[in-house]
Structures are given as structure tokens and as C-alpha cells.
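Below is one structure; the comments refer to it alone.
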Amino acid sequence: MEDRAPLDLLQEAFVNFNRASSELERHYRSLAERVRELTRQLAESLDERRRLGDLLCSVLESISAGVVVVEREGLIVAFNRAAERMTSFRREEVEGKPFGLLFPE
């Protein structure tokens, strides 16, 4: 095994360091671009969800029949004005509460 001059070893280490540094920078730029793209997609999804939520609220409010929407756990998640008139409860009083609150035994 031949002995290499310290200067050669240092130069090789410097080249390897620069190569690794460039590779890391390339990966960083790629990841930063991916984060920007995912952030944009998330913002679009949130806007669409907000728009659909607003549309759903408009539809529920335009229905003349009382509408009560209950999630799987039995909690009220939506309550339109007609339901308020039928039950004398206000939306704020019942949303998030158990459905049984409306019709106690």
C-alpha cells in the first residue's frame, strides 16, 4: 500500500466534501420544491372544502323541513332553521351535543 502525501489526502477529502455538499443542496432544493407543491395543493383542498361546506350550509338552510345531521357517535353536527322552529332549540345549543337531547325520554 503506497503512502499518499497529506496534501493529496486533503485534496481528495475536499473534493468528496464538495461533492457531498452539492448533492445535499440538490436534495434540499428538490424537497423545498415538493413542500411548496404540497402546500399549494393543501391550500387548494382547503379552499374547495370551505366552498363545499358553504354550499352545504346554504342547501340545508334552504330546505323547509327540519334537518338534523348526526355523526356516528350520535352527536349533532348540523341543525337548520326549520329544525330550530320545530324543537325550540337554537343551533348553538345543540351542535356537538347528543341527539337524545332533542327528544328526552
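The values are calculated or read from the model by the stated rules, or taken from the named source; none is laboratory data. These numbers come from a predicted model, not from an experiment. Every residue, glycine among them, receives a Cβ derived from its backbone with ideal geometry; neighbour counts consider all protein chains shown.
Does Glu71 satisfy the condition of being among the acidic types (Asp, Glu), within 15 Å of Leu102 (Cβ to Cβ) and either out of contact with any Gly (no Cβ under 6 Å at 6 or more places or on another chain) or surrounded by fewer than 10 Cβ atoms within 10 Å (Cβ to Cβ) (or both)?
So Glu71 passes the test.
Is there any pair linking a residue in the range 57-72 that is in the same structural domain as Lys97 (by TED's automatic domain parsing) and part of a strand (DSSP E or B) to one that is exposed (fewer than 14 other Cβ atoms within 10 Å of the Cβ) and among the β-branched types (Val, Ile, Thr), with Cβ under 6 Å and at least six apart or on different chains, and which?
Close Cβ pairs satisfying both conditions: Val69/Val77.
Residues to consider are Leu9, Leu42, Leu31, Leu38; find the one that is at pLDDT below 95 and in a helix (DSSP H, G or I).
So the residue among Leu9, Leu42, Leu31, Leu38 that is at pLDDT below 95 and in a helix (DSSP H, G or I) is Leu9.
Identify, by number, the condition in (1) part of a helix (DSSP H, G or I); (2) in contact (Cβ under 8 Å) with a residue 12 or more places away in the chain that Val77 doesn't meet.
Just one mismatch for Val77, condition (1).
Within the range 61-105, which residues are of a type in the set (Ser, Thr, Tyr) and at positive phi?
Ser88, the sole residue that qualifies.
Give Leu38, Leu42, Leu24, Leu46 a once-over and let me know the one that is surrounded by 10 or more Cβ atoms within 10 Å (Cβ to Cβ) and within 30 Å of Ala82 (Cα to Cα).
Going through Leu38, Leu42, Leu24, Leu46 in turn, the sole match is Leu46.
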